[in-house]
Amino acid sequence: MKFFADTAIVDDLKALDELGLLDGVTTNPTLIAKSGRDFKEVIAEICSLTEGPVSAEVAALDFSGMVAEGECLATLGSNVVVKLPLTLDGLKACRYFSGKAVKTNVTLCFSANQALLAAKAGATYISPFVGRLDDINTDGMELIREIRVIYDNYEFGTEILAASIRSANHVKEAALAGADIATIPPAVIKGLANHVLTAKGLEQFTKDWQATGQSIL
Ligand code: E4P
């Protein structure tokens, strides 16, 4: 499973890249606002930092506005993915961009039928929001499992990008459910390396090694 980082904070992206844990990036208007940066400037900077796909979301709500904004965003880097909302206008814009070989990420997906429509529109990625479904007392991960079955039934090429991932357990469950990618906050990605028994074991090994009085170099 690929890891995309769900952030527009460049320093966090650089740190993940150095760890070899950055396969791509997703942003949304909220994350851009949190970064405090100019939208187009920060997307261009992120595109130069990674060769992986970088999702940049349109703000327009109508088809022609989405097309105009998406075409502008696509000039910011060869790895820009135009992120479009799962509305009828968004799906129409998805079909338009897919016809022009521009990559798309259809976002704000909360049902298997919405994911089916995105695949039929030629979406490169579908973003089902796991955490936000959990927030309303629904099993968000069940949506990933349903989409996996539907896409496999019809051999759709659209990749499942598990989004709104909030915890290490979400990451594991998304991998088990067959998501192609998870987009994850950087702190959650780094936290995947943690285990209390790893820390405890390392502490004991270090103590015992020091007691030998030896050194390797
Ligand atoms: C996905 O593309 C979104 O940017 C993101 O995963 C939303 O996560 P949230 O529900 O934690 O805001």
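The values are calculated or read from the model by the stated rules, or taken from the named source; none is laboratory data. Worth saying up front: this structure is predicted, and the values here are computed from it rather than measured. Here the Cβ is made from the backbone with ideal geometry for all residues, glycine too, and neighbour counts use every protein chain on show. Areas reflect the complete protein model, heavy atoms only, side chains present, ligands, DNA and RNA absent. Shrake-Rupley method; radii C 1.70, N 1.55, O 1.52, S 1.80 Å.
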Original post:
Which residues, taken from segment 112-148, are within 16 Å of the ligand (Cβ to nearest atom), in contact with a helix residue (DSSP H, G or I) (Cβ under 7 Å, 6 or more places away or on another chain) and farther than 19 Å from residue 167 by Cα?
Top reply: 115, 118, 123, 126, 147
Subject >> Failed criterion for residue 19 (all others in (1) away from the ligand (no atom under 16 Å from the Cβ); (2) farther than 21 Å from residue 191 by Cβ hold) >> reply: (2)
Original post:
Are any residues in segment 85-108 touching a Ser or Thr at 6+ places or on another chain (Cβ under 7 Å) and either at pLDDT below 95 or more than 13 Å from residue 26 (Cβ to Cβ) (or both), and if so, which ones?
Top reply: 85, 86, 94, 97, 98
Subject >> Looking only at segment 13-49, and only at residues there that are open to solvent by less than 10 Å² (accessible area, probe 1.4 Å) and not hydrophobic (A, V, I, L, M, F, W, C), the one that is farthest from residue 93 (Cα to Cα) >> reply: 24
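Would you say residue 162 is within 16 Å of the ligand (Cβ to nearest atom), over 26 Å from residue 188 (Cα atoms) and under 18 Å from the mean Cα position of the chain (by Cα)? Before the answer, list the steps.
Values: within 16 Å of the ligand (Cβ to nearest atom): yes; over 26 Å from residue 188 (Cα atoms): no; under 18 Å from the mean Cα position of the chain (by Cα): yes.
No, not satisfied.
May I ask you to verify whether residue 182 is surrounded by fewer than 11 Cβ atoms within 10 Å (Cβ to Cβ) and of a type in the set (A, V, I, L, M)?
Details: surrounded by fewer than 11 Cβ atoms within 10 Å (Cβ to Cβ): no; of a type in the set (A, V, I, L, M): yes.
No: the conditions fail for residue 182.
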Original post:
Between residues in segment 89-102 that are open to solvent by less than 70 Å² (accessible area, probe 1.4 Å) and residues that are among the acidic types (Asp, Glu), which pairs lie under 6 Å by C-beta distance while being six or more apart or on different chains?
Top reply: 89/62
Original post:
Among (1) farther than 19 Å from residue 2 by Cβ; (2) open to solvent by less than 30 Å² (accessible area, probe 1.4 Å); (3) of a type in the set (A, V, I, L, M, F, W, C), where does residue 61 come up short?
Top reply: (2)
